[in-house]
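A quick write-up on the structure given underneath.
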Amino acid sequence: MPVTAQRKVAHVSDSKRLDKLSQVAFLVMCAAVAAAAVNHLVLARTTPERTPLPPPVAAGTRLELPAAVTDGGKTGAVLLLLSAECRYCTESMPMYRQLARQREIASGNVRLAVVSMEPLAEMRDYLDTHNLRPTHLMTLVESGLRIGATPALVLVDREGIVAASWVGALPSSEEKKVFTAVTALLEKEETNE
């Protein structure tokens, strides 16, 4: 066999090997992606509740909030720090809507304020999309909060003193603590009148 024919045979043989190798690599990659997807779906259903993160603002801290947030010092408030780009904020929307319907907030005895990480127009659209109607909407700068993580929830009394705070998507046990804390805040406010 002439040398050029041997080179062509070797080239074809190398080309076939490379083609086979790339097909095998592609199949291995597909199998890995499929395994990861199945693993994610299975774990999402079997993972225990998330462990709550440490509070973003220490209880007892005084916040300098706009007067409208606490109705001029007449009511306590729940501050929700949200970002339209935050998937945990969106996942937590059912809890926030339930919070907005809680008797103390729905009656206006405790106000619901949203602190936005985005321009206010973007946040209004986000809140409208998720059917959440706060009593006040403000920027992070206006709030005076120094929290960089979303979602965060801060409960303040009428004087702007933090009663409790949470960060991240909350497990149901922590959600119950939020509802209880809002009720306790109103009861405290009523006894201090």
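What does the charge count around Arg124 come to, taking other residues whose C-beta lies under 13 Å from its C-beta (Lys +1, Arg +1, Asp -1, Glu -1)? Cβ neighbours under 13 Å give a net charge of -3. Note on the stretch 90-193: with neighbouring protein chains present and a 1.4 Å probe, carbon and sulfur make up 50 percent of its accessible heavy-atom surface. Qualifying GluC sites (Glu not before Pro) in the stretch 152-188, where qualification requires a DSSP coil assignment and no more than 13 other C-beta atoms within 10 Å, comprise Glu159.
The values are calculated or read from the model by the stated rules, or taken from the named source; none is laboratory data. Owing to the predicted nature of the structure, the values given are computational and were not obtained by experimental measurement. Here the Cβ is made from the backbone with ideal geometry for all residues, glycine too, and neighbour counts use every protein chain on show. Ligands, DNA and RNA are excluded from the accessible area calculation, which covers all protein heavy atoms including side chains. Shrake-Rupley method; radii C 1.70, N 1.55, O 1.52, S 1.80 Å.
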